[in-house]
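Read the structure below first, then the notes.
The values are calculated or read from the model by the stated rules, or taken from the named source; none is laboratory data. Worth saying up front: this structure is predicted, and the values here are computed from it rather than measured. Because the Cβ atoms are built from the backbone with ideal geometry, glycine has one as well, and the counts that use them run over all protein chains shown. Surface accessibility is based on the protein's heavy atoms, side chains included, excluding ligands, DNA and RNA. Shrake-Rupley method; radii C 1.70, N 1.55, O 1.52, S 1.80 Å.
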Amino acid sequence: QVQLVESGGGLVQPGGSLRLSCAASGNIFSIGSMGWYRQPPGKQRELVAAITSGGTSKYVDSVKGRFTISRDNAKNTVYLQMNSLKPEDTAVYYCNSEAILQGSLSRGDYWGQGTQVTVSS
């Protein structure tokens with residue numbers, strides 16, 4: 001009942017920038033915190049950045065000062081601006097959202113399908 005669609009991934013050279021977007025749609029009553037995770041091939045998925053409905057954000061240490069998470073509540077969309085990209089940022093990036101469905105009293109976690117980010121020269 002909730003669909004998260006990521007976009008904006010691609011191939012970029014070290015030092016370059018990308019902006020990821022994730023739009024939520026479906027039978028949504030409300031959306032809470034949203035975040036971005038990433039998973040390099042053969043490695044564990046990690047939280048990159050998260051943002052509350054009020055706009056408070058947090059980041060994993062490795063991206064602090066380089067990445068910025070933001071959201072547009074009117075559009076149910078979360079963004080990840082990635083600057084000064086490094087090869088170690090290469091991964092599949094997944095959007096995650098806490099959401100309450102219409103007709104439900106409980107909050108669940110929902111995931112996008114992922115978008116590939118490759119940083120290579």
Please verify whether region 53-74 includes one or more residues that are within 13 Å of S97 (Cβ to Cβ), among the β-branched types (V, I, T) and open to solvent by 30 Å² or more (accessible area, probe 1.4 Å). no
Do you know which of the residues in region 4-31 that are loosely packed, with under 14 Cβ neighbours inside 10 Å and within 15 Å of N73 (Cβ to Cβ) is farthest from the chain's Cα centre (by Cα)? F29
Which strands (runs of 3 or more DSSP E) does region 62-117 wholly contain that include 1 or more residues that are under 11 Å from G9 (Cβ atoms) and of a type in the set (F, W, Y)? 91-101
Within the set of pairs 6 or more residues apart or between chains, which connect a residue that is within 16 Å of W36 (Cβ to Cβ) and open to solvent by less than 40 Å² (accessible area, probe 1.4 Å) inside region 75-91 to a residue that is part of a loop (DSSP other than H, G, I, E, B) and of a type in the set (D, E, K, R) with Cβ atoms less than 9 Å apart? M82/R66; L85/R66; D89/R66; A91/K43; A91/R45
